[in-house]
Structures are given as C-alpha cells and as structure tokens.
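Asker: Pasting a structure below so you can have a look.
The values are calculated or read from the model by the stated rules, or taken from the named source; none is laboratory data. The model shown is predicted, which means the values in this text are computed figures rather than measured ones. Glycine also receives a Cβ, built like all others from the backbone with ideal geometry; neighbour counts cover every protein chain displayed.
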Amino acid sequence: MKWSAARAGLIAGNTFREAIRMKLFLLMLILATAAFASSFLFKEFNFGSSELKFIADFGFGGMTLFGPILAIIVSAQLFIGEIEHRTALTILAKPLYRSEYVIGKFVGSWLITMCFIALLSICLIIALWIRESSIIQADSEAFTTGRIINWIQVCAFALVQVLKLSMLCSLVALFSSYATSTIFAMSMGFLVWIAAQLQYIASDAWSAGSNWLYTVLFAFASLVLPNFHLFEIGDYLALGETIKLVAYLKLALYAIVYTAFYLSLAVVAFNRREF
Amino acid sequence: MTYAIEIESVTKDFPLPVRGRKLRAVDSLSLQVESNVIYGLLGPNGSGKSTTIKLLLGLLKTTEGRCLINGKSVYEPSIRNEVGYLPEAPYYYRFLTGIELVVYFARLQGIKKREALAQAENLLFRVGLEDAKDNRIGTYSKGMLQRVGLAQALVGDPSLLILDEPIAGVDPIGAVDIASLIRELKEQGKTILLCSHLLSQVEALCDRVAILESGRLLAEGPLDKLLVSEEEKTLSIKNLDTEDRERMVKTAISLGGQVSVSRISLETLYLQLIGEKQRKAKLEREDSDQ
C-alpha cells in the first residue's frame, strides 16, 4: 500500500471542518476583529496619516497575538482530543499510515489558522481603506502622492504570520504525538511559543559564548527552536520600509525546514505510540 | 491452512510507573480462528480481551509472539482493508451527520465519493438508521452510536469483523436486529470476532468461543462441546398434546427423573410484549398513511 496524500487530505479536510464548527474559532475571530475594530474609536481624534499606522499596528497585533493562541489550542484539541476520545482508534484501524494521520491533522490545523489570518487581513484591509478614504476626503493635501497604504505589504505580513504558524502547529503536533492529555500539549505549545519569541537571546549568547557548557546549551536551544523574532516584520512595514522578495523566500525556507523537522519527529513518535 | 485470525504465543506487557515493573495483559495466548465463523471472545473486565483486539488491529505491539490476519502481519496497513472494527462505546465526531461519518470512513479506505455515498446509504439502511442518517451524531443515543459504528465497520465489505460489545446500550429490539445482521454477515461468508459480556447473546450467535482470564486462555472450542456437561443430561420435549405430555411426565417420574415446567426468559417476554406493540403501532401508522 502506497503512502497517499489523498488520505492525508481527507483527514485534513475533516479536521478543518471540525475546527470550523468549533465555537472557539468563532470566538477568537470575534475577539480579534473587535480588538482591532476598537481602533476606530480613536476616529474622534484625527491623527491624519499616522492614524492609519495605528490601525495597521492594531491589526498586525491581533494577528500576532491571536494567531498563535488559536494555532496552539486548535492543534492540541483536534489532535490529542481525538486520541482522548478514542475516535483515533477507529481511524487508525482503517488502512492508512500513521504518518498520513499526523500530516492530515497538521494540515487541517494549519488551514484553520490560515483562514483566521486571511479573515483578519481582509478586515484590516477594509478598515484601512475606509479610514484612509475618509482622511483623504477631510485632508486631501496630506495625500498628494496618492494613497499611502500598501495592500501588498499587509498581505505579505499575513503570509509571514502563516509561515510562522506552520512551525507552531507542527510543534504542537509533535507534543500531541506522544502527550497523554490536551492540557500537556497546550502548555508545551504556549511554553515553546514564548521560548521561540525569545530564541534570539539564546542565539546571541551562543555567538558570544565564553563558557563551553553554555555555548553548547545555547547552540542547542538556538538550533532546535525557531526564531519567531525573524517573522516580526510589522514594524518595518509600518515604517514604510520595503522588504525584498529574497528575504521573504528565506523566511519561507526557514519555516519549511523547521516544520518538516518537527513533523518528522512527530511521525516517529506517533509511529511508536501504543493505543 | 490460512486462518482468518492467528495469534501465536502472544504476550503483551505494559510498563508500570514503578521502575522495572510491568503489567502482563496477555500471557502466551495462542488462538486460531477459521474463516466464516462467529467467534466469541469472553472474559471478565481486565482479562485481556480489548488488548487482544488492539493487538489484532496493530494499535498495540506484541511483547512476544505474533498476530496474523488472513496469513499477513497485522502491522501491514493494507491488511486493514480486510478488517472492520467496531470499538466498545464508540465516540465519533459530534459535528458530522451519520451519513457524513460513514462516507468519511469509506473514503479513508480509498472508495470513490459516489460509491462511498451509495455504500453509506445502504449500510445505514441495513443498521436501521435510514431515518436518522442526516442528523448530527451529537444527537444520537448510545444505541444509535453502536449502529452507526457497525455501519462504518462494514464499509468496504471487509472479510473479518471485530465487534467489541456490539449490543451494549442497544434496546432489546435493536439487539435482535443486530444479532440477525451478524448472522446474515456470517451467511455472506464473513468471519466475526465478537467480544461481549452478554453471555446469552454470545451463546445464541457464536460457533466457537475462547474464555480469557488474566490474559490467559481458560477454555476454547465449539459451543456445542463446551456447553455439554457429561454429568447433567437434560431433555427438552415440545409439541406434545396434553394427554401425551401427562403420560410422559408420569413415565419420567416413574423412572426417577425430575420434571419441571420450563418458563420463558424475561428477554423473550419483553420482546413479545414490546415487539408486538411496536408491530401493531407500525401497522396502524401504515393504515392511517393509506
């Protein structure tokens, strides 16, 4: 029997469908949309073009904060929840490879975070467009060079977040592949999320290492954990800086390598798991 | 000869949190199940029945020995095309409808969408869920969950069915329906491994049984042989008129025999009463529809 992407796709599709029907997704979406919609409250004060940066920051912040939370909860809940409820037994008793199950679960969880980021991006673009239009009407002199919001850069930010979340989803899949409870997988997910945000500190310590023990430890942490700080491009974009295509490609490659690494470990752990 | 199931000197140990200690769930178990039989796996809780089933499904790895299905290793995923599994107390996706669930499992087995839908419709009809097929599984009763579980186990027309407590939680009428379906499946040439605590059900259905205790095999063989006791010889006589019956009773007593009037079981009485009532209600509904 050959490994089948179609079977993994079926599992991914079902995982996605389950997540969509989970109230959590809706709650997170409402929360995130409300958070950055609240930036409109400041329209009483006309900040001019800097207000657009403010709204963009709110939107980027929503994606940066709620995206990982959703990724961790959904990945853990949909993966290990199925094992806890023993639904996985019936599925694994069907003719499929366990790696198909792991990949399917990962793709399904990642798809849901993609949808979340895509919906937030659409909301952000609409909000920025509306506000920009109203500011142009009120003060057209400030926009003599035309509209200042670059929609492509908003999409680029969303894409980079999706890449970052692929690593986080695969990490949670790794923890779920051997965990015995959802709480453990979620806790580990949150812990690693924070650690990955601070990974650059370990990386700097590795470079500046004087003691061999610390050097080895920091080197290990730097290599095993991805550096999520690299994916924080919101500030550059908000400042109007342009990021070259090659930088995006490097980020994509970085995310692919780490995702593949974590998924491979998850497959190995899941293959060894007994039910 | 290739057996539907072969368990060869299988031992399964689970490590315990105490260092170096282990729990032996299955102990040197050997079984052979021929094709086209209904085979009962009996034993009290913790006797190793579920572990044996999980070993057969490749969900657990043996510590010693090996398990084969139709002569092939259970760790080969393709072998599971030939196996249908109904777990004990199944829990399925609450957000799917009955038909969506069966189609999902069918498609996992590589069945094309249209064919999967046709199979799902047919199987849900066979297990008596045709009216509830479009309802969400979250709204299903325990008995309905068993039925939908049975439908997913039958997807892909497997030659071997492993049914773990198929009648648990099902009402007596439903239990009779499922028992008939199991017999029908045997007539179609399938092999059924049945794990149940309901001994009357096992007795009525199974050709052979194995009784486990603490992971060890206590007894194994055809029911006809296992249930005949050499010391107790009881005859059951039917279809005599009153006069002949009295004469037979007198003769039996004169020969030193003990005569008692047999009575129907509670299950039979329930089936007669409820079944008749439901049948009448159904007829009335049909009459009023016409």
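Asker: Among the residues of the stretch B:107-118, are any under 25 Å from B:Ala179 (Cα atoms), assigned by TED's automatic domain parsing to the domain that holds B:Arg24 and in contact (Cβ under 8 Å) with a residue 40 or more places away in the chain?
Answerer: no
Asker: Give me the residue from the stretch B:209-242 that is at pLDDT 80 or above and in a helix (DSSP H, G or I) and, out of that set, surrounded by the fewest Cβ atoms within 10 Å (Cβ to Cβ).
Answerer: Among residues in the stretch B:209-242 that are at pLDDT 80 or above and in a helix (DSSP H, G or I), the one surrounded by the fewest Cβ atoms within 10 Å (Cβ to Cβ) is B:Thr242.
Asker: Check off (1) at pLDDT below 95; (2) assigned to a strand (DSSP E or B) for B:Gly20 and give me the number that stays unchecked.
Answerer: Only one criterion in (1) at pLDDT below 95; (2) assigned to a strand (DSSP E or B) is unmet by B:Gly20, namely (2).
Asker: Ok, one more. Can you name every residue in the stretch B:5-53 that is in contact with a helix residue (DSSP H, G or I) (Cβ under 9 Å, 6 or more places away or on another chain), touching a residue at least 60 places away in the same chain (Cβ under 8 Å) and closer than 24 Å to B:Asp207 by Cα?
Answerer: B:Ile5, B:Ile7, B:Val26, B:Leu29, B:Leu31, B:Asn36, B:Val37, B:Ile38, B:Gly40, B:Leu41, B:Leu42, B:Gly43
Asker: Filter the stretch B:68-87 down to residues that are buried (at least 22 other Cβ atoms within 10 Å of the Cβ) and either more than 10 Å from chain A (Cβ to nearest Cβ) or assigned to a loop (DSSP other than H, G, I, E, B) (or both), then give me how many there are.
Answerer: 3
Asker: Give just the number: which of (1) in contact with a Cys (Cβ under 9 Å, 6 or more places away or on another chain); (2) of a type in the set (A, V, I, L, M, F, W, C); (3) within 14 Å of A:Lys94 (Cα to Cα) does B:Val102 not satisfy?
Answerer: Every condition holds for B:Val102 apart from (1).
Asker: With B:Pro166, B:Pro90 as the choices, which residue is more than 21 Å from A:Glu18 (Cα to Cα) and either small (Gly, Ala, Ser) or crowded, with 20+ Cβ neighbours inside 10 Å (or both)?
Answerer: Selected residue: B:Pro166, the only one of B:Pro166, B:Pro90 that is more than 21 Å from A:Glu18 (Cα to Cα) and either small (Gly, Ala, Ser) or crowded, with 20+ Cβ neighbours inside 10 Å (or both).
Asker: Okay, moving on. Can you give me the number of residues within the stretch A:73-96 that are within 13 Å of chain B (Cβ to nearest Cβ) and either among the hydrophobic types (A, V, I, L, M, F, W, C) or at positive phi (or both)?
Answerer: Total satisfying the criteria: 9.
Asker: Picking from B:Gly40, B:Gly58, B:Gly65, B:Gly110, which residue would you name as being more than 14 Å from chain A (Cβ to nearest Cβ) and at positive phi?
Answerer: B:Gly65
Asker: Enumerate the pairs (first residue in the stretch B:199-217 and farther than 14 Å from B:Lys49 by Cβ; second residue anywhere and buried (at least 22 other Cβ atoms within 10 Å of the Cβ) and modelled with pLDDT under 90) with beta-carbon separation below 6 Å, excluding pairs fewer than 6 apart on the same chain, so at least 6 apart or on different chains.
Answerer: Filtered contacts from the stretch B:199-217: B:Gln201/B:Ile167.
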